[in-house]
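Read the structure below first, then the notes.
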Amino acid sequence: MEIQSVPKITIIAGPNGSGKSTLTRYIQSNLDAPIIDPDAEARKINPSSPESVAVGAGKQALRLARDYLKNNQSFAVETTLSGNTYIKMMQQAKPQGYELNFIFVIITARLWDI
């Protein structure tokens, strides 16, 4: 009898510059799933000016996530959660039997007046 593994979605969220990509690189081997990184998608589309294709890269990231979800495959995604798309995706995935993991990256900084 073959043991079926439970598909997982790991959302790695946080503000721009908070360290999502750094954390993702650090834990990548433990995720055991493809990682969707909109910034990396942008660099694939236009290496010399990735910021100019950010919207297209974001759409590509969503397509990849939807494909993984449709095929009951595990995946991880980096996001700022500026919209509610990934929250809705998690709500859709839960009844399909997905295990949901949510990592929110924040940094705190003390500002000094000089």
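The values are calculated or read from the model by the stated rules, or taken from the named source; none is laboratory data. Values in this document were obtained by computation on a predicted structure and should not be read as measured data. Protein only, heavy atoms only, side chains kept; ligands, DNA and RNA dropped before computing areas. Shrake-Rupley method; radii C 1.70, N 1.55, O 1.52, S 1.80 Å.
Computed across the chain, the Kirkwood radius stands at 15.2 Å (inverse of mean 1/r, all Cα pairs). Per-residue ellipticity at 222 nm, computed for the chain from helices alone with -39500 (n - 2.57) per DSSP H run of at least four residues, works out to -12500 deg cm²/dmol.
What percentage of the solvent-accessible surface of the chain, computed with a 1.4 Å probe over protein heavy atoms, is contributed by carbon and sulfur atoms? The value for the chain is 53 percent carbon and sulfur by accessible area.
Based on protein heavy atoms only, the chain ends up with 70 Å² per residue of surface accessible to a 1.4 Å probe. Extension gain for the segment Thr85 to Tyr26, taken as residue separation times 0.36 nm less the Cα-Cα distance, is 18.7 nm to one decimal.
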